[in-house]
Amino acid sequence: MSTSIDLFLLRTHIAYFSMEIALRPEIPTYAGGLGVLAGDTARSCADLEIPVVFVTLASRAGYFRQSIDADGRQTEEPDWWELRRWCTPLDAMVAVEIEQRPVWIRPWLYVHTCPHGHQIPVLLLDTDVDQNDEADCTLTHYLYGGDDSYRLKQEIVLGIGGIRILRALGFSLHTYHLNEGHAALLALELLTRTRTPASDQLESELQYDVPEVRARCVFTTHTPVEAGHDQFSYALFERLLPGFIELELLKRLAGQAKVNLTRLALNLAGYVNGVARRHAQTTAHLFPGYRIHAITNGVHAGTWTHAAFAELYTSHFPDWQHEPEVLTRALRLPDDDVWRCHRSAKADLLGIVKDRTGISLDPSIPVLGFARRMTGYKRPLLFFEDLDRVTSIAQQHPFQVVMAGKAHPRDVEGKQAIEEIHAAARKLRDKVTCVFVPGYDMQLAMALTAGADIWLNTPLPPLEASGTSGMKAALNGVLNISVLDGWWIEACIEGVTGWSIETRDEEAHHHAADLYEKLERVVLPLYYTDPAQWRLMMKQTIANIACYFNSQRMMRRYASEAYLR
Ligand SMILES: *Cc1c(COP(=O)(O)O)cnc(C)c1O
């Protein structure tokens, strides 16, 4: 591994800021889809030689390690990881004044090397240094841990500290990409640097160059609900960053009542993106007056394709990792090869399930997979709404269910859902095998999205901004059945690429009944009675979904439409 930052200074022109990033399974600095997207973005930037430096927090204690007891109760442990094993400390240190004392920040360098050798730098910011008070040392330990004050301090370290680190290291950048509102304070830091000294009259925004900052900032928003956006009281902001910027100006940029980081980012970014067409529309509705673009998310094909499928693709389409668009020719793949690869991915999944839970699943019975953050709008309990119905479907057409997912330590509803899934699985015992595998992470996500037969997603519309796990499934020929929300509105061709759960949004309470109906009458009968058609659908999924919903396509669009504005 290269340890020198100098290599990157001249050729890097863009900085991408993200609170979380999934760099590799051994580095637990991510909580879910947002971090996986950031990681896939970095991997695609390396593949495509897009000149980006990534900035994130060191998150030494990771998100958390999940344990689940027999009753389904989740407990959390810090997930400490060894920075020194993967990263190199850099000499530069900068300070940010928080609560009127300097908080020192040291960057660590992680280098991602893509298969053809191109490298991309990632800076992980760390406040655990001798110069800091004990309390400040822990600021970059716990991803999404602590209270509002802890969170805002982390965002100060990321946004303001991140910009200062980049300058101290000698980067000269023309564009800054804010991955979600968490990174919005970077734009405020840039703004303060455009300030021209005012003599003695009152300072006003005329002394700041908002258009200059807007020309440099790109913002991707991920959250379609008002409550999901980071907001802080002005009292807290003033306590942590007294005098950082004139309050009147900040209120115009970030909202009168609270410091709303999404609003701040919307006002300071010249290019704003939603993560799917539907999400861009929802965002435009929530924040009228802004132009919201829609570059739909994608996943990194090389990362999320099972080794067996990767080998098959390489033998037919040698450049598929660089240009996944060629997978549009997947109908040429021999059915038997596709099925053999699927059986191999499924065997790997069943091996992992057996290792981690002791439960043996049957490879000849279809696996319904469901894994995501356990939180209200994802409706992880929807499938279990009517256990008699689930049982009766399984009596006609046997299936088995594998689930996984973490609830945020303070998400009471999410934790409750995990308990209820365990209770439902107990009631279904001997009728339908349902397994909950603890410790959902990148590695388990790879096994699950490749090894299931059917990938289920049941969010409450319009709250699924995009969703990406179904895209990983499609790369492996796994068929999606999902509520029409987020990316699936764009990807679903009924009966061709997968299936929708069809009722309109205002009838969301019918979703469980619709799901049962479709599984019973369409999906499971097809699996058992028409294997040729099933395999054709697997290839159609690859040809129509994997070829488009990948991060190479996504980053080519960001590069040409957002970075090269
Ligand atoms: C892909 C992924 C997600 C996001 O999946 P969604 O379908 O967007 O919910 C979350 N967590 C992990 C570990 C993942 O790999």
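The values are calculated or read from the model by the stated rules, or taken from the named source; none is laboratory data. Quantities reported herein were computed from a predicted structural model and do not represent experimental measurements. No Cβ is skipped: glycine too gets one built from the backbone with ideal geometry, and neighbour counts run over all protein chains shown. Side chains are part of the model used for accessible areas, which takes the heavy atoms of the whole protein and leaves out ligands, DNA and RNA. Shrake-Rupley method; radii C 1.70, N 1.55, O 1.52, S 1.80 Å.
Quick notes on this structure:
- Gyration tensor verdict on segment 344-435 (Cα atoms; rounded if a/c is under 1.5, prolate if a/b is larger than b/c, oblate otherwise): oblate
- Per-residue ellipticity at 222 nm computed for the chain from its helices equals -10500 deg cm²/dmol, with DSSP H segments shorter than 4 residues left out and the rest contributing -39,500 (n - 2.57).
- Helix 307-316 vs. the chain, principal-axis angle (Cα, 0 to 90°, nearest 10): 90 degrees
- Added length on full extension, which subtracts the Cα-Cα distance from 0.36 nm per residue, Gln443 to Asp209: 79.7 nm
- Gain on full stretching of the segment that runs from Asp336 to His509 - 0.36 nm per residue minus C-alpha separation: 58.3 nm
- Checking every one of the trypsin sites (Lys or Arg not before Pro) in segment 213-302 against DSSP loop status and a limit of 13 other Cβ atoms within 10 Å picks out Arg291.
- C-alpha center-to-center spacing [segment 131-175, segment 360-421] in angstrom: 37 Å
- Label sites at Ala257 and Asp362, each approximated as a point 7 angstrom past Cα along Cα to Cβ, lie 5.5 nm apart.
- With contacts taken as Cα pairs under 8 Å at a separation of at least 6 residues, the chain carries a relative contact order of 14 percent.
- Surface share of carbon and sulfur [accessible, 1.4 angstrom probe, percent] for the chain: 49 percent
- Per-residue Karplus couplings for segment 426-440, computed as 6.51 cos²θ - 1.76 cosθ + 1.60 with θ equal to phi - 60°, are listed in order as 5, 5, 7, 3, 6, 10, 9, 7, 10, 10, 10, 9, x, x, 4 Hz, Gly and Pro entered as x.
- Rounded, prolate or oblate (a/c below 1.5 giving rounded, otherwise prolate when a/b exceeds b/c) for segment 397-544 by Cα gyration tensor: rounded
- Each of the peptides 294-304, 418-428, 85-95, 352-362 was scored by the mean count of other Cβ atoms within 10 Å over its residues; in descending order, highest first, they stand as 294-304, 418-428, 85-95, 352-362.
- Residue pairs, from the table Lys346/Lys472; Lys378/Lys406; Lys378/Lys427; Lys354/Lys518, whose Cα atoms sit over 20 Å apart: Lys378/Lys427; Lys354/Lys518
- The modelled label-to-label distance between Glu502 and Arg101, using points 7 Å beyond Cα along the C-beta direction, is 6.4 nm.
- Cα gyration tensor category, rounded, prolate or oblate, for segment 118-263 with a/c compared to 1.5: rounded
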